[in-house]
Amino acid sequence: MEENKKKRIFSGIQPTNTPHLGNYFGALRNWYKLQDDYECVYSIVDLHSITVRQDPAKLRRQISESYALLLAMGIDPEKSVVFVQGHNPAHAQLSWILSCYTQFGELSRMTQFKDKSQKHADNINAGLFTYPVLMAADILLYQAELVPVGIDQKQHVELTRNIAERFNNLYGETFTMPEPYIVKSVQKIMSLADPNKKMSKSDENPNAIVTVLDDRDTIMRKFKRAVTDSGCEVKRGEGKEGIENLMSIYGAVTEKTFDEIEKEFEGKGYGDFKTAVGEAVADSLLPMQENFKRIISDKGYLEKCMKDGAGKAFAASRKTLQKVNRKVGFINL
Ligand code: TRP
């Protein structure tokens, strides 16, 4: 019987900006693959996103689009729980409680807080500071054992473990200890405009990133303009970071190794290679883009999935919240 029990996974994605190739190959594609082996709970974390200023109309649209995109990528709302964080009030409730078990000093040490408060120096709000507590609540509410995240979120998962451990020590076994699950299989995907910088959602230069919803012409244009070097061989090497980045992208799409790619493009120039990368990327994104168009235009379906997802998320988190309430001395009605 024990063997049948699948491990629970929780992960979240902010609904700000359309995911790019780095997000997709580094994380989202994996979310899809995990569904068979784990019991997955995936959330569009709208509450987290307002820690920096958002345009309300744009945010509303992005929440729906992000949700539709997860479905379009093959995340199955029957198999996994897919929901919008704000649709389950338990997140905000548990977050408040956990904030009383988190120290000011711990939150001050979070590198993301330090980075973001530098970047948004005019709006260092309390939510930005307590962001990791809400993330801890997300994870602990569902008793998740594994948390697929990028390396930049590892510190937050470690804080989550510290909070869980502290609470468990005070009140007895309450929370499952989560582990970060870091996808290492793919190379980091770099900016197309500056191959020494990570491809980043917040890049000002639209040519630096390819989003998963870019159309074929846009994708081809961006790859043609990708910054490379003055050489002509499709090979890795000193000063060839641009070509190496295109090779990683091509490899991520085709599952070919660097050696295989070097062989394939022996004697061919950068132009041919860039065209091949663009086409491979466009081809691989196409089925998802078609699913996306269909889902995003079916408002009724989308709303139904969101409602069902919220209901399942609430049901899955209820027990934990009641247990916590009881332990700290609240009255459950
Ligand atoms: N902070 C994560 C990010 O920006 C998103 C997130 C919120 C998350 N809650 C989570 C990720 C819980 C994993 C688990 O990428």
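Express the accessible area of the range 1-147 per residue in Å², computed with a 1.4 Å probe while the remaining protein chains stay in the model. Each step should come with its number before you reach the end.
Details: 6590 Å² over 147 residues.
Per-residue value: 45 Å².
How high is the relative contact order of the chain, in percent, counting Cα pairs under 8 Å that sit 6 or more residues apart? If you can, show how the numbers build up before the last one.
Working: 474 pairs, mean separation 72.6, N = 333.
Dividing the mean separation by the residue count of the chain yields 22 percent.
With every protein chain kept in place and ligands, DNA and RNA left out, what is the accessible area per residue of the range 188-288? Probe 1.4 Å, answer in Å². Don't jump to the answer; show the numbers that get you there.
On the way: 5090 Å² over 101 residues.
The answer is 50 Å² per residue.
Per DSSP H run of at least 4 residues, take -39500 (n - 2.57); add these up for the chain, divide by its residues and hand me the 222 nm value, nearest 500 deg cm²/dmol.
Working: 13 runs with 173 residues, N = 333.
Calculated from helices alone, the mean residue ellipticity at 222 nm is -16500 deg cm²/dmol.
For the range 62-68, what does the Karplus curve 6.51 cos²θ - 1.76 cosθ + 1.60, with θ = phi - 60°, yield as ³J(HN,Hα) per residue in whole Hz, taken in order and with x for Gly and Pro?
5, 5, 4, 5, 5, 5, 4
How large a share of the accessible area of the chain, in percent, is made up of carbon and sulfur atoms when the probe is 1.4 Å and the other protein chains stay in place?
On the way: 8500 of 16880 Å².
About 50 percent, which is the carbon plus sulfur part of the accessible surface.
Note the count of lysine pairs whose C-alpha atoms are less than 23 angstrom apart in the range 77-186, limited to pairs 8 or more residues apart or on different chains. Before the final figure, lay out each step's value.
Working: K114/K154; K116/K154; K119/K154; K154/K184.
For the range 77-186, qualifying lysine pairs total 4.
If I build a Gaussian network model for the chain, linking alpha-carbon pairs within less than 10 angstrom, which residue out of S200, S248, S297 has the largest mean-square fluctuation?
S297
The values are calculated or read from the model by the stated rules, or taken from the named source; none is laboratory data. As the structure is a computational prediction, the values presented were derived from the model and not from experiment. Quick note on the areas: whole protein, heavy atoms, side chains included, nothing else; ligands and nucleic acids left out. Shrake-Rupley method; radii C 1.70, N 1.55, O 1.52, S 1.80 Å.
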